[in-house]
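The values are calculated or read from the model by the stated rules, or taken from the named source; none is laboratory data. Note that the structure is predicted; figures quoted are calculated from it, not measured. Every residue, glycine among them, receives a Cβ derived from its backbone with ideal geometry; neighbour counts consider all protein chains shown.
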Amino acid sequence: MKYVDEFRDGDLAANLAAKISAEARPDRSYHLMEFCGGHTHAIFRYGVQDLMPDNVKFVHGPGCPVCVLPVRRLDDAVELAERYDVILCSYGDMMRVPGTKQRSLIRAKADGADIRMVYSTIDALKIARDNPDRQVVFFGIGFETTTPPTAVAIHQAQAEGLENFTVFCNHVLTPSAIGHILESPEVRDLGTVKIDGFLGPSHVSSVIGSEPYEFFAEEFAKPVVIAGFEPLDVMLSVLMLIRQINEGRAEVGNEYTRVVTREGNLKAQKLVSEIFELRQSFEWRGLGEVPYSALRIRDAYAAFDAEKRFEISEKQSREVKSCECPAILRGVKKPTDCKLFGTVCTPDNPMGSCMVSSEGACAAYWSYGRFRGPAGADKEVAA
Ligand code: SF4
């Protein structure tokens with residue numbers, strides 16, 4: 001398949017692995033945070049860590065949109081779904097994420113809530129058209145990649161005069177999260193999380209471009225390389241990062257040139273900024289409150305804002321006890337550090353978001369089984 005098979009070529013991978021080994025200096029280590037869950041899964045699925053020399057380590061970041069949504073916002077979505085007049089539309093991977101007391105959307109649905117799994121905002125709009133007597137709420141989550149389709153839906157709903165359609169907006173922003181990680185005590189003061197460079201988001205960057213990363217590459221002196229999601233994309237990006245680190249450069253590189261430009265998708269950006277504005281602060285699972293890291297619906301489109309149309313109660317939300325998702329999302333722990341991993345918590349019985357989502361780190365460890373290794377633990381887990 002074009003743009004897929006050639007990025008999974010074994011001979012090219014062996015060449016790249018040899019180059020990485022030759023250029024990684026033996027007198028230092030390279031800790032590279034892959035921001036996206038898509039990268040984490042590529043690394044585990046294709047055994048990329050095993051092709052790296054021992055001093056090149058991957059640090060898993062918070063770039064899984066389902067994983068970073070705090071429990072409180074999920075509880076709010078369940079509350080909305082349980083209203084008799086509401087149909088809640090959600091992307092499928094949110095359905096099984098456990099909220100407080102392990103209450104999830106799928107459990108609420110089993111108890112009678114009208115929750116519809118949708119593949120796109122177009123599906124949600126159709127449900128709204130087909131059910132004029134019900135309130136249809138779209139549960140909007142995700143990074144900059146999924147924000148434009150939500151903006152299109154609001155735009156379209158306004159154009160059609162759809163009065164029963166709203167969005168529960170939880171869209172978050174990548175650059176603020178990366179900046180927040182670099183300012184965290186674990187990175188800045190304690191040194192418990194070492195980060196020498198970033199494999200930057202690919203799909204997100206197709207929308208926002210590579211320019212937004214330039215500020216913190218310079219400010220924090222950390223190189224960033226926008227990396228595609230195929231194994232050769234990841235390996236080439238590692239080589240590009242190693243070269244920058246060896247030469248003392250901290251710039252934004254772009255490996256994913258077949259999709260990403262410096263300016264990004266200007267049409268999508270214009271639509272997003274017409275519909276949304278920055279929130280002053282937003283809670284992320286694992287990162288806590290992050291200033292200017294999420295979007296809200298502008299007052300001009302308040303009629304489509306579920307937070308304005310419905311009263312949502314204050315609540316005491318709680319993570320599942322012993323779930324280490326928050327620490328994993330900060331790069332402080334690995335899934336195998338969690339005592340529930342593979343025992344109580346599996347993809348069939350997830351205790352935390354990182355095991356549910358197809359982009360979650362726990363799901364990547366479990367699905368590809370590399371944590372088992374010949375001696376019971378692989379290089380990466382033991383590192
Ligand atoms: S294994 Fe399960 S309980 Fe442990 S951190 Fe991952 S999702 Fe949470």
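Looking at (1) at pLDDT 95 or above; (2) assigned to a helix (DSSP H, G or I), which is the only condition residue 213 fails?
With (1) at pLDDT 95 or above; (2) assigned to a helix (DSSP H, G or I) applied to residue 213, the lone miss is (1).
Could you identify the single residue in 313, 322 that is within 16 Å of the ligand (Cβ to nearest atom) and at pLDDT below 95?
Matching residue, one of 313, 322: 322.
Of all the residues that make up segment 344-360, how many are part of a loop (DSSP other than H, G, I, E, B) and within 9 Å of the ligand (Cβ to nearest atom)?
5
Within segment 258-341, considering only strands (runs of 3 or more DSSP E) that don't extend past its boundaries, which have at least 1 residues that are of a type in the set (Phe, Trp, Tyr)?
Result: 276-278, 281-284.
Hey, among 272, 290, 260, which residue is in contact with a strand residue (DSSP E or B) (Cβ under 6 Å, 6 or more places away or on another chain), surrounded by fewer than 23 Cβ atoms within 10 Å (Cβ to Cβ) and of a type in the set (A, V, I, L, M, F, W, C)?
Sole residue among the options that is in contact with a strand residue (DSSP E or B) (Cβ under 6 Å, 6 or more places away or on another chain), surrounded by fewer than 23 Cβ atoms within 10 Å (Cβ to Cβ) and of a type in the set (A, V, I, L, M, F, W, C): 290.
Restricting the search to segment 57-84, which residues are assigned to a loop (DSSP other than H, G, I, E, B) and crowded, with 23+ Cβ neighbours inside 10 Å?
Scanning segment 57-84 gives 64, 69.
Here are the criteria: (1) crowded, with 24+ Cβ neighbours inside 10 Å; (2) of a type outside the set (S, T, N, Q); (3) more than 30 Å from residue 154 (Cα to Cα). Tell me which single one residue 218 does not satisfy.
(1)
Taking residue 150, is it modelled with pLDDT of 95 or more and in contact with a Lys or Arg (Cβ under 6 Å, 6 or more places away or on another chain)?
The answer is no for residue 150.
Only one residue in 329, 295, 278 is away from the ligand (no atom under 15 Å from the Cβ), aliphatic (A, V, I, L, M) and buried (at least 23 other Cβ atoms within 10 Å of the Cβ). Which one?
The unique qualifying residue is 295.
How many residues, within segment 15-50, are more than 16 Å from the chain's Cα centre (by Cα), part of a helix (DSSP H, G or I) and under 12 Å from residue 231 (Cβ atoms)?
Residues that pass the stated criteria total 6.
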